[in-house]
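These notes are about the structure you will find just below.
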Amino acid sequence: MSARARIVGWVLLVAALALTVSVFSTWHILLTRVEDRVNAELFNEVQKLRLYAERSPERDVERVLTGHLQVNAPDRYETFFTILDGRADRRTFAAPLARIDTDDALVARMAAAEKAEYGWADSAAGQVRYAVVPVSDGRRSGAFVIVAFYDYQREEVMDAMRALTVTALVALALAGAAGWLVAGRVLAPIRLVRQTAERISDSTDLTRRLQVSGNDDVAALAATFNHMLDRLENAFAAQRAFVDDAGHELRTPITVIRGHLELMGDDPADRAETIALVTDELARMHRIVDDLLTLAKAGQPDFVVLDDVEPADLTLSVLAKARALGERNWRVDEVADARIRADGQRITQALMQLLANAVRHTTPGDVVAVGSALRADTVLFWVRDSGPGVRPEDRERIFTRFVRDGSREHQGAGLGLAIVRSIAEAHGGHAHVEEAEGGGALFVITLPYVPAEDPFPAPAGNGAEDDCCEPCGDERTEELAR
Ligand SMILES: Nc1ncnc2c1ncn2[C@@H]1O[C@H](COP(=O)(O)OP(=O)(O)OP(=O)(O)O)[C@@H](O)[C@H]1O
Ligand SMILES: [Mg+2]
């Protein structure tokens, strides 16, 4: 069912319910009023008869009843008659809507009344409401009967109700037609958005955009949709570039391996050399694939898993691991005295990339330092070296994946700094490089400071406690530098 039909359906349903309730309550109120009015009229007539009997000089029952009948004319839907000695005696001159006085059983029941009584009875003119007032002079007994043709009075209400129902149905039809037109007008722009969206998805052309006009909700919807398309287009372009780059990058080691294997001779020494070379290329491919997987995961929500981390421990343990990379003048510049929320493993991964780069760009004896610090509302991690440093014009470029310094003789794929940056960004921070004091490169990861959920260090016996036992300050730096 279309949205338009659904909206109109709901409008009609609600309107029909409201009209039904109002028609029924009006019907009920009017019927109650008719009944009240009939009762009031009967009561009034009963009072009139009593007054007449009291004031009349006549004592004879027959004369009293006939006298009252003569002076008292019934209303439009009324008739009066008298009962004498258990039988209907006289009735009003005007012909009644139906004869009641001919119903002997009813007349006998009325004649038996000992005091004024009200009741319902059926007649040829439908239901009637009556009142019987017994009168007696000691010798003879009679009664005055007032009959109201209730069904006729009710019929007036029914006429009104029929007119009201017809009006309600016409109003409902008009509401439906108006609803159909209004819903059509309101939904037209949305239909346009949908059709355009369909065209875009049919052609898989993400460069197309919806036209945004006005500043209503529909325009906002179109703008949001366009915004989403922008992001999708960028994401697809980035993904395509990523796949192109990755394919291109992996093709080189594959070509190298194939070339060597094809040229491999029977000489054992030659074979051993080729196998060593191929193994080396395969290891490089393995590392590239690992790095690519890390970068591919970078956009996913579980890329970083936050936990309570002590930057001081992390800094020291990273340095301990890095020592295996080569003979350098290893140093700790500073350690942050805080507990923060971060992904310790990812930060370690980023720092190891930076340390591997630093080792690659320095020679034995050069300084490679690592540090962490809490500055205002940021946490800093850095790696500093006394190597050649990075030229100002390259400082932004080298964070792009597959960008590396081709002049240097090394096997890197140019993914390390891209990983560092994506880890920093996944924490809501960023990474950059600047010139270290006295030349060399200073790579800095800046994260927003988020305090640890559990501000107290873990109990004794774990790594944190062990690290606390390391010598502090300069002493520790020297110790680590050895
Ligand atoms: N400490 C440093 N000193 C000078 N230049 C650096 C330093 N670290 C990185 N660079 C430059 O930045 C480039 C990119 O570094 P990145 O870590 O992204 O790639 P890579 O080290 O070449 O390869 P991979 O990390 O994938 O093995 C390097 O090729 C190098 O030219
Ligand atoms: Mg690197």
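Computed over protein heavy atoms with a 1.4 Å probe, the accessible surface of the stretch 340-435 works out to 43 Å² per residue. Compared with the dominant Cα axis of the chain, that is its longest principal axis, helix 150-203 is turned about 20°.
Per-residue SASA remark: R339, around 40 Å² accessible (1.4 Å probe; ligands, DNA and RNA not included). Distance from the alpha carbon centroid of the stretch 190-252 to that of the stretch 1-39 works out to 50 angstrom. From the alpha carbon centroid of the stretch 61-134 to that of the stretch 253-328 is 116 Å. How large, in percent, is the carbon and sulfur part of the accessible surface of the stretch 217-297 at a probe radius of 1.4 Å? It is 62 percent, rounded to a whole number. Helix 268-297 sits at what angle to the longest principal axis of the chain, using alpha carbons and giving 0 to 90 degrees rounded to 10? With rounding to tens, the tilt is 30 degrees. Ligands, DNA and RNA excluded, the heavy atoms of D151 present near 40 Å² of accessible surface to a 1.4 Å solvent probe. One quarter of the convex hull surface built on the alpha carbon atoms of the stretch 217-297 amounts to 6.2 nm², the projected area averaged over directions. Helix 61-71 and the longest principal axis of the Cα set of the chain meet at an angle near 60°. Full extension of the segment from V182 to Y118, taken as 0.36 nm per residue of separation minus the current Cα-Cα distance, would add 17.3 nm. The alpha carbon convex hull volume per residue for the chain rounds to 377 Å³. In terms of overall dimensions, the C-alpha atoms belonging to the stretch 32-104 reach 39, 28, 20 Å along their principal axes, ordered largest to smallest.
Counting alpha carbon pairs within less than 8 Å and at least 6 residues apart, what relative contact order, in whole percent, applies to the stretch 270-360? Write down the numbers at each step before the final one.
Working: 56 pairs, mean separation 29.6, N = 91.
Relative contact order for the stretch 270-360 comes out at 32 percent.
For the chain, the relative contact order is 10 percent, taking Cα pairs closer than 8 Å that sit 6 or more residues apart in sequence and dividing their mean separation by the residue count.
The values are calculated or read from the model by the stated rules, or taken from the named source; none is laboratory data. Everything quoted here is computed from the prediction, not taken from an experiment. Accessible surface areas use protein heavy atoms only, side chains included; no ligands, DNA or RNA. Shrake-Rupley method; radii C 1.70, N 1.55, O 1.52, S 1.80 Å.
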